[in-house]
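Here's the structure, in structure tokens; my notes come after.
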Amino acid sequence: MESQKLYRVEKKDFPKLENLLTQCFQQDPLYLKLIPDEETRKRLMPELFACDLNEFFETCQIYADSSELNAILVVSDESEPYHFLQYFLTEARAQLKTDEYLIKEDPSLKTFWNFMLGRDYLNSRWTDQLHQEERLHIIYLAVSPAKQHHGLADLLMHETIQYAQKHKLMISLETHNPKNVAMYEHYGFKVFGVVEKHFDLKQYCLIREYQ
């Protein structure tokens, strides 16, 4: 994906980006289930996001409303050439680093076990059912709590939708917060399916088809 309106996040922006994601997802239903202890969650989430961002920087595009990073979008353009070896090595490094953090922060292994049970909530393998490579996949959409209701989500979503329409691409994403479903439906998404495994937690899988 390319955009002339949005700010392309650089590695120097990672500290601000980690802080934003931690703020936005600290009370997300997924992380409340995976890391139920609040103190462990506070310690662990910045490290997990730091690990994720290093992986995403190599395999995805990260955009923000501006260099202030009040709102961000992490998107994977599935229509681009797929480099299997690069993707495999990047993902393997990220997984090893994540496991290291989980065990370090909770030596009881309870959190590590939760992540093992919750692996179906931590990936986007449901998109294999779409059989559609001409597609953008939104991994994260986050707006700073202090900047919500200022049109920043609209800015990011409209830019993504405009790009997808221009290039005849489907858009897919998932959310674990049922309150977000109506918001995405407002942008033309529909629920493709719901994942519910091992936890009392639903992952809503949504798509927006090229129109």
Q. Within segment 35-49, restricting attention to residues that are open to solvent by less than 20 Å² (accessible area, probe 1.4 Å) and part of a helix (DSSP H, G or I), which residue is farthest from C205 (Cα to Cα)?
A. T40
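Quick check, is E134 more than 29 Å from N114 (Cα to Cα), in contact with a Ser or Thr (Cβ under 6 Å, 6 or more places away or on another chain) and open to solvent by 60 Å² or more (accessible area, probe 1.4 Å)?
On the way: more than 29 Å from N114 (Cα to Cα): yes; in contact with a Ser or Thr (Cβ under 6 Å, 6 or more places away or on another chain): yes; open to solvent by 60 Å² or more (accessible area, probe 1.4 Å): yes.
When the stated conditions are applied, E134 passes them.
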Q | From L53, L20, L32, L6, residue being surrounded by 15 or more Cβ atoms within 10 Å (Cβ to Cβ), in contact with a Phe, Trp or Tyr (Cβ under 8 Å, 6 or more places away or on another chain) and modelled with pLDDT of 90 or more | A | L6
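Residue-by-condition table, conditions (1) outside any helix (DSSP H, G or I); (2) of a type in the set (V, I, T); (3) in contact with a Phe, Trp or Tyr (Cβ under 8 Å, 6 or more places away or on another chain); (4) free of Cβ contacts under 8 Å to residues at least 40 places away in the same chain:
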{"residue": "Q95", "(1), (2), (3), (4)": "no, no, no, yes"}
{"residue": "L102", "(1), (2), (3), (4)": "no, no, yes, no"}
{"residue": "P107", "(1), (2), (3), (4)": "yes, no, no, yes"}
{"residue": "T111", "(1), (2), (3), (4)": "no, yes, no, no"}
{"residue": "H137", "(1), (2), (3), (4)": "yes, no, no, no"}
{"residue": "L141", "(1), (2), (3), (4)": "yes, no, no, no"}
Q) Within segment 156-209, can you find the residues that are within 16 Å of R135 (Cβ to Cβ), touching a residue at least 60 places away in the same chain (Cβ under 8 Å) and open to solvent by 30 Å² or more (accessible area, probe 1.4 Å)? A) Y163, H167, F192
Q: Check whether at least one residue in segment 61-73 is modelled with pLDDT under 95, open to solvent by 20 Å² or more (accessible area, probe 1.4 Å) and either at positive phi or not charged (D, E, K, R) (or both), and report yes or no.
A: no
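The values are calculated or read from the model by the stated rules, or taken from the named source; none is laboratory data. All figures in this text were calculated on a predicted structure; none of them were measured in a lab. A quick note on method: Cβ atoms are made from the backbone with ideal geometry, for glycine too, and the neighbour counts reach across all protein chains shown. Keep in mind that these areas ignore ligands, DNA and RNA; they rest on the heavy atoms of the full protein, side chains included. Shrake-Rupley method; radii C 1.70, N 1.55, O 1.52, S 1.80 Å.
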